[in-house]
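For reference, the structure is listed below as structure tokens.
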Amino acid sequence: MSTNRPLRLPGRRLVLTKNKILESQKHTNSNMAAARWLSVSYNTYRKWAIFYGVFEQHLNQEGFGVKKGWSKPKIPMEEIFNGRKVRYTFKQFKTRLIDEGYLNEECSICNWNEERVTDGMICLTLDFIDGDSKNWAQDNIRFLCPNCYLSNNGFFHGSTKFCK
Ligand SMILES: [Zn+2]
């Protein structure tokens with residue numbers, strides 16, 4: 001068993017120590033990877049890394065060593081929000097929204113952000129507030145958990161959709 005991973009105590013909030021964050025940064029070359037290394041959500045990682053003032057230092061310097069594959073060259077998110085058409089899947093769009101800090105990885109209504117036990121994924125779906133899934137304006141998008149999605153849209157995607 002690895003002793004590097006944070007301990008989860010039922011009913012208590014997860015606390016990441018500065019040492020754990022620094023340790024994770026030593027082993028990885030981006031904040032995303034560091035969060036994954038710690039097996040915590042990016043959200044949680046970012047919160048603590050910023051708290052200790054060690055977030056900026058670990059920003060991946062535009063692709064050195066890390067191949068992102070689908071994202072070259074990157075279109076600024078502002079242009080996408082303003083209606084520039086991109087061939088992103090929702091998953092890719094979602095990843096950028098989280099990765100670049102536009103949305104927290106939590107339900108925008110109830111703040112739910114439980115990670116699925118099996119793989120640490122947070123099952124949230126992208127919701128378009130005006131109902132138009134082609135309107136990617138920043139103020140038209142939010143994350144919803146399955147419960148809030150159901151009560152706001154009246155139907156439910158299957159759980160597999162949420163976790164993509
Ligand atoms: Zn919710």
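The values are calculated or read from the model by the stated rules, or taken from the named source; none is laboratory data. These numbers come from a predicted model, not from an experiment. As a convention, Cβ positions derive from the backbone with ideal geometry for all residues, glycine included, and neighbour counts pool all protein chains shown.
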If you go through the range 102-116 one residue at a time, how many are within 13 Å of the ligand (Cβ to nearest atom) and aromatic (Phe, Trp, Tyr)? 1
Of those in the range 154-164 that are within 21 Å of GLU100 (Cα to Cα) and away from the ligand (no atom under 14 Å from the Cβ), the residue modelled with the lowest pLDDT is LYS164
Of the residues in the range 42-59, those that are in contact (Cβ under 8 Å) with a residue 40 or more places away in the chain and over 17 Å from THR17 (Cβ atoms) come to TYR42, ASN43
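Looking only at the range 117-153, filter to residues that are charged (D, E, K, R) and either touching a helix residue (DSSP H, G or I) at 6+ places or on another chain (Cβ under 9 Å) or more than 16 Å from the ligand (Cβ to nearest atom) (or both); which one of those is modelled with the lowest pLDDT? First the steps, then the outcome.
Residues of the range 117-153 that are charged (D, E, K, R), as a first pass: 119, 127, 130, 132, 134, 139, 142.
Among the residues that remain, those that are also either touching a helix residue (DSSP H, G or I) at 6+ places or on another chain (Cβ under 9 Å) or more than 16 Å from the ligand (Cβ to nearest atom) (or both) are: 119, 127, 130, 132, 134, 139.
Working: ASP119: 79, ASP127: 92, ASP130: 92, ASP132: 91, LYS134: 92, ASP139: 95.
Filtering first and then ranking leaves ASP119.
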Output yes when any residue across the range 57-66 is under 30 Å from PHE128 (Cβ atoms), at pLDDT below 90 and under 16 Å from the mean Cα position of the chain (by Cα), and no when none is. yes
Which of the residues spanning the range 29-41 are part of a loop (DSSP other than H, G, I, E, B) and surrounded by fewer than 18 Cβ atoms within 10 Å (Cβ to Cβ)? ASN29, SER39
